[in-house]
Amino acid sequence: MITRLAIEGYRSIRSLVVDLAPLTVVTGANGSGKSSLYRALRLLADCGDGRIVGSLAELGGLDAVRWAGPERGTRRGQPTEGTVRSGPVSLRLGVATDELGYAIDLGLPVALQSAFDRDPEIKQEHVFAGADPRPAGVLVERRRGLARTRTDAGWVDLAAGLHPWASVLDELAGHQEAAELAGARRMLRGWRLHDALRTDLTAPARQPQVATRASRLDDDGANLAAVLQTAVELGWDRELSRAIEDAFPGSALHLPVVDGRMTVALAQPGMLRPLTAPELSDGTLQYLLLTAAMLSAEKPSLIVLNEPERSLHADLLPALAERIRSAAASTQVIVVTHHPRLAEELGGLRIELEKQSGETVVAGREGPLDQPGWHWPSR
Ligand SMILES: Nc1ncnc2c1ncn2[C@@H]1O[C@H](COP(=O)(O)OP(=O)(O)O)[C@@H](O)[C@H]1O
Ligand SMILES: [Mg+2]
């Protein structure tokens with residue numbers, strides 16, 4: 001389980017540290033920074049896939065996503081214009097879990113002639129045990145091109161000359177001396193993040209799909225029917241029936257297979273035939289997609305949902321909350337929502353974000369001392 005999340009220098013987040021629970025609900029007004037927190041988690045997940053530098057380049061590079069305000073916090077109402085940056089540009093992300101933690105520090109490339117000037121550089125990475133990457137708990141350390149690991153006999157070098165765009169999780173996960181790297185990578189790869197599952201008229205979830213077992217929902221929802229059928233065949237049929245009954249009383253889900261292709265269909269009271277995937281409303285499809293994400297056979301270590309209430313009718317919120325709560329019994333879940341009713345129905349640990357002088361902060365915290373501790377390794 002992830003116990004603590006730390007983000008620094010990303011969009012509206014200058015410096016944020018939050019503790020997480022088995023079910024954490026992040027709320028806040030529009031523009032308070034909820035999506036920034038979601039996207040920071042997405043970037044951390046990208047670290048597990050060796051994609052972090054490319055993802056940031058796609059977002060326009062570090063300059064496009066880094067915190068645009070002053071380095072130090074300002075008190076409310078105090079002018080910030082004209083403050084001059086003195087430290088290096090850095091975007092830092094970290095998670096601590098009850099087993100292994102991971103932290104990464106990205107910066108601007110040192111001036112060199114290259115066509116890839118949007119690529120940030122990985123300045124540091126740390127794999128650690130404990131609540132944050134303080135020196136005593138560091139197991140693997142990467143500084144620029146050098147990586148080393150702590151052993152009973154002291155520090156042992158793992159590699160030199162690592163490229164600034166390559167993560168140690170990718171380059172050295174197979175290294176005999178540092179099983180922690182594989183562990184940290186596995187942790188990050190076990191996350192599932194769902195944002196804006198498509199429900200429009202041409203959404204992949206509305207198309208017939210190849211009938212092959214699927215243990216996790218594709219990012220675009222293309223294998224919806226297969227994920228639900230796989231869950232049924234693995235014995236989750238009661239949970240699925242309950243999910244349908246809670247949301248659409250008296251209805252039954254059908255997963256017909258024609259010529260090796262399968263679709264979702266919903267038999268509803270008063271209809272002479274089941275409604276097929278292209279006929280389902282956006283809200284119904286969204287609910288089925290989220291249900292599939294919660295019931296998928298492969299249990300991720302973390303599920304993160306960004307505004308799952310989108311296009312969902314308010315009547316479906318209690319049923320959605322029930323699906324999320326039951327998933328949270330076996331998987332850690334973070335829900336980012338601006339819907340007070342969904343937050344209320346979900347319970348769990350509530351983190352309310354707000355903007356102060358353009359900066360995302362946790363509502364109710366008086367100052368930096370209220371923030372859980374997080375010691376970033378110095379550059
Ligand atoms: N680089 C940046 N530096 C500072 N603030 C930013 C930066 N990029 C975006 N923002 C601000 O962050 C907010 C975006 O927050 P977002 O996470 O999308 O909010 P929410 O999801 O809570 O509606 C906007 O108010 C935007 O002006
Ligand atoms: Mg948002």
Next item on the list: Residue by residue through the range 1-36, note down the ones that are more than 16 Å from the chain's Cα centre (by Cα), among the polar types (S, T, N, Q) and open to solvent by 40 Å² or more (accessible area, probe 1.4 Å).
Entry: 30
Notebook entry, point to check: What are the residue pairs meeting all of these: first residue in the range 133-148, first residue in the same structural domain as residue 102 (by TED's automatic domain parsing), second residue open to solvent by less than 20 Å² (accessible area, probe 1.4 Å) and among the hydroxyl-bearing types (Ser, Thr, Tyr), Cβ atoms under 6 Å, and 6 or more apart or on different chains?
Noted result: 140/149
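Yes/no per residue for (1) of a type outside the set (A, V, I, L, M); (2) surrounded by fewer than 17 Cβ atoms within 10 Å (Cβ to Cβ); (3) in contact with a Leu (Cβ under 6 Å, 6 or more places away or on another chain):
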| position | (1), (2), (3) |
| --- | --- |
| 104 | no, no, yes |
| 117 | yes, yes, no |
| 120 | yes, no, yes |
| 135 | yes, yes, no |
| 144 | yes, yes, no |
| 147 | no, no, yes |
| 155 | yes, yes, no |
| 180 | yes, no, yes |
Margin query: Filter the range 49-94 down to the residues that are among the aliphatic types (A, V, I, L, M) and either at pLDDT below 75 or farther than 22 Å from residue 185 by Cα (or both) and list them by number.
Written below: 59, 62, 64, 65, 68, 84, 89
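Is it the case, given these coordinates, that residue 305 is touching a helix residue (DSSP H, G or I) at 6+ places or on another chain (Cβ under 9 Å), within 16 Å of ligand 1 (Cβ to nearest atom) and aliphatic (A, V, I, L, M)?
yes
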Next item on the list: Using the structure shown, decide if residue 233 is exposed (fewer than 14 other Cβ atoms within 10 Å of the Cβ), among the acidic types (Asp, Glu) and within 27 Å of residue 189 (Cα to Cα).
Entry: yes
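Yes/no matrix, rows are residues, columns are (1) in contact (Cβ under 8 Å) with a residue 40 or more places away in the chain; (2) not in a helix (DSSP H, G or I):
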{"position": "103", "(1), (2)": "yes, yes"}
{"position": "116", "(1), (2)": "yes, yes"}
{"position": "130", "(1), (2)": "no, yes"}
{"position": "163", "(1), (2)": "no, yes"}
{"position": "170", "(1), (2)": "yes, no"}
{"position": "175", "(1), (2)": "no, yes"}
Next item on the list: Give the residue, chosen from 269, 249, 278, that is open to solvent by 60 Å² or more (accessible area, probe 1.4 Å) and in contact with a Gly (Cβ under 8 Å, 6 or more places away or on another chain).
Entry: 269
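The values are calculated or read from the model by the stated rules, or taken from the named source; none is laboratory data. Just so you know, these numbers come straight off a predicted model, no measurement behind them. Heads up, the Cβs are rebuilt from the backbone with ideal geometry, glycines too, and the neighbour counts pull from every protein chain shown. Ligands, DNA and RNA are stripped out before the accessible areas are found, and what is left, the full protein with its side chains, is counted by its heavy atoms. Shrake-Rupley method; radii C 1.70, N 1.55, O 1.52, S 1.80 Å.
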